[in-house]
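Novice: There's a structure below that I have some questions on.
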Amino acid sequence: MNAQQVKDNALVGEHVVLEPLTLAHAPALSIAVCDGELWQLWFTKVPHPDDVNDYISQALLAEEKGETLAFAVRDRHSGAIVGCTRICHWQQNHRRLEIGHTWYAKSVQRTAVNTECKLLLLAYAFETLDVIAVEFRTHIQNEVSRQAICRLGANQDGILRNHQILENGTIRDTVVYSIIDSEWGEVKTALRNKLNVTIS
């Protein structure tokens with residue numbers, strides 16, 4: 001199974017719909033990214049409104065290579081596009097992938113949006129793509145992201161020291177977390193209980 005074969009699938013929850021990312025989402029994402037001026041966050045990579053087209057084009061190029069599945073996040077209550085997320089670094093031979101490149105408009109941060117997005121993506125990864133591990137990575141100083149990942153039920157695997165040189169010249173240490181297939185059932189139940197939803 002490759003990215004081209006599965007990219008047309010929308011993932012539908014009670015709070016969000018994850019729509020396969022296309023250039024048609026660019027205007028809405030340019031608005032969403034302005035909610036909180038997210039591109040100014042130094043510890044994560046979020047596109048400037050003027051760069052959203054290039055951001056999407058790069059994601060679609062990675063899809064063509066079978067490495068990524070990119071989604072726009074639509075809030076089902078407001079109907080608005082409120083962010084982006086991806087399945088990335090998909091190592092099909094090792095049945096392993098990462099969930100990342102995630103950002104949300106400030107107005108929906110710390111709501112049910114992120115929890116349900118992760119539930120949908122994890123269910124898709126373990127139950128459709130048949131992976132044995134899902135990884136999460138974040139900047140060591142991004143405490144909000146680290147706490148959110150832990151609340152998902154992921155375990156910290158380690159820290160990649162001096163992992164990346166960021167555009168501002170600072171050096172990033174990256175914290176790596178994962179959920180493995182034997183943990184998925186318990187994690188799924190906990191996430192569903194948090195949301196009080198019935199995703200099969």
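Novice: If we scan segment 45-55, do we find a residue that is open to solvent by less than 60 Å² (accessible area, probe 1.4 Å) and at pLDDT 90 or above?
Specialist: Yes; the residues of segment 45-55 include at least one that is open to solvent by less than 60 Å² (accessible area, probe 1.4 Å) and at pLDDT 90 or above.
Novice: What tally of residues in segment 129-161 results from selecting those that are modelled with pLDDT of 95 or more and polar (S, T, N, Q)?
Specialist: Selection size over segment 129-161: 2.
Novice: Next up: Taking segment 143-175, which residues are in a helix (DSSP H, G or I) and charged (D, E, K, R)?
Specialist: Hits for segment 143-175 are Glu143, Arg146, Arg151.
Novice: Oh, and also: Going by the conditions given, is Asn168 open to solvent by 20 Å² or more (accessible area, probe 1.4 Å), of a type in the set (S, T, N, Q) and touching a helix residue (DSSP H, G or I) at 6+ places or on another chain (Cβ under 7 Å)?
Specialist: So Asn168 does not fit the description; no.
Novice: Sticking with this one: Leu129 is checked against (1) assigned to a loop (DSSP other than H, G, I, E, B); (2) in contact with a His (Cβ under 7 Å, 6 or more places away or on another chain) and fails just one. What number does that condition carry?
Specialist: Tallying (1) assigned to a loop (DSSP other than H, G, I, E, B); (2) in contact with a His (Cβ under 7 Å, 6 or more places away or on another chain), Leu129 fails exactly one: (2).
Novice: Looking at this structure, is Val187 β-branched (Val, Ile, Thr), touching a His at 6+ places or on another chain (Cβ under 9 Å) and surrounded by 19 or more Cβ atoms within 10 Å (Cβ to Cβ)?
Specialist: No; evaluated as a whole, the condition is false for this residue.
Novice: Give the residues of segment 147-165 that are open to solvent by 50 Å² or more (accessible area, probe 1.4 Å), under 19 Å from the mean Cα position of the chain (by Cα) and hydrophobic (A, V, I, L, M, F, W, C), sorted by residue number.
Specialist: Cys150
Each row is one residue, and each column tells you yes or no for (1) more than 22 Å from His48 (Cβ to Cβ); (2) of a type in the set (Val, Ile, Thr).
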residue: Ser78; (1), (2): yes, no
residue: Gln92; (1), (2): yes, no
residue: Leu97; (1), (2): yes, no
residue: Thr102; (1), (2): no, yes
residue: Ser107; (1), (2): no, no
residue: Leu122; (1), (2): yes, no
residue: Ala125; (1), (2): yes, no
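Novice: Any residue in segment 180-191 that is touching a residue at least 12 places away in the same chain (Cβ under 8 Å) and assigned to a loop (DSSP other than H, G, I, E, B)?
Specialist: No, every residue in segment 180-191 fails to be touching a residue at least 12 places away in the same chain (Cβ under 8 Å) and assigned to a loop (DSSP other than H, G, I, E, B).
Novice: Taking segment 92-146, which residues are within 11 Å of the chain's Cα centre (by Cα), over 17 Å from Leu18 (Cβ atoms) and open to solvent by 70 Å² or more (accessible area, probe 1.4 Å)?
Specialist: Within segment 92-146, just Arg137 meets the criteria.
Novice: May I ask you to list the residues in segment 69-101 that are in contact (Cβ under 8 Å) with a residue 60 or more places away in the chain, assigned to a loop (DSSP other than H, G, I, E, B) and under 15 Å from Thr111 (Cβ atoms)?
Specialist: Arg76, His77
The values are calculated or read from the model by the stated rules, or taken from the named source; none is laboratory data. Since this is a predicted model, take the numbers as computed values, not measurements. Glycine also receives a Cβ, built like all others from the backbone with ideal geometry; neighbour counts cover every protein chain displayed. Accessible surface is based on the protein model in full, side chains and every heavy atom, while ligands, DNA and RNA are left aside. Shrake-Rupley method; radii C 1.70, N 1.55, O 1.52, S 1.80 Å.
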